[in-house]
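What follows is a set of notes on a single structure, which appears directly below.
The values are calculated or read from the model by the stated rules, or taken from the named source; none is laboratory data. Source: prediction; values computed, not measured. Remember, those area values only see protein heavy atoms, side chains included, never the ligands or the DNA or RNA. Shrake-Rupley method; radii C 1.70, N 1.55, O 1.52, S 1.80 Å.
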Amino acid sequence: MSRTSRSLLGLTAAAVTAAAVVAPATAAQAATARTACDASLVAPPGSLIGGLWRSNGGQSSVYGCPVTKEYGYAGKRGSYQGFRNGKIVWSPNLGGGALVRVYESGSRITFRWSGLGRDWDFFNVRWSKDAHLGNRTHQVKVTRLTPWSGALSLPKNVAVDYDDTVSHGRATDRWTFVVQGCDRGTFGSDCGPWSITNAYVD
C-alpha cells in the first residue's frame, strides 16, 4: 500500500471518529432544545429573581425551569416565582436586594438567603413541615455565611409530629421558612424584621 493510500485511510478514520464524537453532542443539544424552559415563564431582564436564576445556571440550576410567572404580593412589596425544584421570593423588607429561596436536592431541602440590606452577626430561621397537620414551627440559630447571607439544610425526612400528606396519589410535604438577621447585644440580641414567608410543596 502506498504512503498516499495509508494517509487517505488515516484521514478517513479520523473523520469517522470525529463524526462519532460530534453526533452525541448534537443529540444532547437536540434533547436540551426539547426540554428548554417555557420562555413565557422566564422572568424578564431587570427582575432580581430572574437574575439570581440565570446566575445560578438557569434551567441547569438547582431550581430547574420556572413553572409559574413571577407574581407580586397583594398589599405589600415583594414577589415570588415557583420553579420545578423550588421557589424564590424577593423580600424587600429585609433590603432592596433580599432574596430568600428554597429548593430540594436529593434527600434534602435547602433554604438560603442573601442580599440583606445590612450586615448581621447571625440569623434566626423559623421553619415548619406540614404545619397544617398540627406540626410545630421550629426556630434555629444559624451562623452567617457572609454578613448578608446564610443557609439552612434539612433532611426531607426530618422528624415531625405528623407526616405524609397525600396529594394525587403521592406523599407531599409543605415547607415554610422565614429568616431574620440579629446582632449580639450586652443584654440580648437586637434582631431585624422577618422575611416574607417562603412556602414550598415538594
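The table below gives the values:
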quantity: Amide proton proximity set for LYS156, modelled H, under 5 Å, gap of 5+; calculated: ARG108, ILE109
quantity: Those lysines that a straight Cα-Cα span of less than 19 Å connects to LYS141, excepting residues fewer than 8 apart in one chain; calculated: LYS129
quantity: For region 73-202, accessible area per residue (1.4 Å probe, heavy atoms of protein chains only), Å²; calculated: 50 Å²
quantity: Under 5 Å, built H, 5+ apart or other chain: amide partners of PHE122; calculated: CYS182
quantity: Percent carbon-and-sulfur accessible area, region 65-202, ignoring ligands, DNA and RNA, probe 1.4 Å; calculated: 49 percent
quantity: Eligible lysines near LYS76 by straight Cα distance, threshold 19 Å, same-chain separation 8 or greater; calculated: LYS87
